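Encoded as structure tokens, the structure appears first; notes follow it.
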């Protein structure tokens, strides 16, 4: 799995309760069936097998093929409802989702199977995923990695790298529900810093190419990327474009930096220890679930 915060929710996904040492020392004997619903294109099979998610499972005592199975499903926003329904029919014991479109699709597909949502770029309360962080209700829990204050920090980091920036272009996807919040947060943070923002809606390769052409005609001083499968899939093209125009670029998740983007700033998540492994009692009751944010901050620069 290619999402960095996945390591936080392994114990939640498998219904581990108690302290970290208690939960990790005695994995259940049953074979757990985990469904994974990802927004965007599927990575290579090798990437899935060697990714953070399966590594964290092994560290917790769960080995694919022995005491856990994982069914991966990836798709565009318009494909996720059918893929979520397929996971429900499989059936699976828990569904882990990556990206808010996947979380919404899973939430619509089942009211009974526990859902662990990770790496959604929209405030989970404002976005309608949960009623509150403390009592999300229903069958969905997870980790919120974003918030209005994060883009303030990201733009502050960007300004340290490029102190003279005045005009900024933003790439976002109107079809991605979380990107609307992303653009609003960038504009609010930019306004407070005296920056001008011009947002470009990119829903596929064609509209992305058109947006980059328009940006090239009147180059801004910097570029910001809202997390979406379109910008993530075309990270190299965006990076090559930014390098050609010498545009410092900032994004929310580490995969962009791995693809060549200048810097990523966001919440940092630990692999083990403390609260991350004790967030769920394994009960299906709504009051046993919580939605969490990390208080630690990390910046990656390439």
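Odds and ends about this structure:
- If you filter region 236-252 down to residues that are in contact (Cβ under 8 Å) with a residue 24 or more places away in the chain and part of a helix (DSSP H, G or I), you find that the one that is surrounded by the fewest Cβ atoms within 10 Å (Cβ to Cβ) is 236.
- Any chance residue 186 is closer than 12 Å to residue 251 by Cα and at pLDDT 85 or above: yes
- Pairs linking a residue in region 55-69 that is in contact (Cβ under 8 Å) with a residue 60 or more places away in the chain to a residue that is surrounded by 16 or more Cβ atoms within 10 Å (Cβ to Cβ), with Cβ atoms under 7 Å and 6 or more positions apart or on different chains, are 56/6; 56/7; 56/10.
- Residue 111 passes every criterion in (1) over 25 Å from residue 212 (Cα atoms); (2) crowded, with 24+ Cβ neighbours inside 10 Å; (3) modelled with pLDDT of 75 or more apart from (2).
- For region 157-208, a tally of residues being within 24 Å of the chain's Cα centre (by Cα) and assigned to a loop (DSSP other than H, G, I, E, B) returns 7.
- Residue match in region 115-124 (condition: under 22 Å from residue 34 (Cα atoms), at pLDDT 85 or above and in contact with a helix residue (DSSP H, G or I) (Cβ under 7 Å, 6 or more places away or on another chain)): yes
Okay, residues lined up against (1) touching a residue at least 40 places away in the same chain (Cβ under 8 Å); (2) in contact with a helix residue (DSSP H, G or I) (Cβ under 6 Å, 6 or more places away or on another chain); (3) in the same structural domain as residue 210 (by TED's automatic domain parsing):
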site	(1), (2), (3)
155	yes, yes, yes
158	yes, no, yes
162	yes, no, yes
171	yes, yes, yes
174	no, no, yes
182	yes, no, yes
186	yes, yes, yes
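The values are calculated or read from the model by the stated rules, or taken from the named source; none is laboratory data. Keep in mind it's a predicted model, so treat the numbers as computed, not measured. Ideal geometry is used to build each Cβ from the backbone, glycine not excepted, and the neighbour counts take in all protein chains shown.
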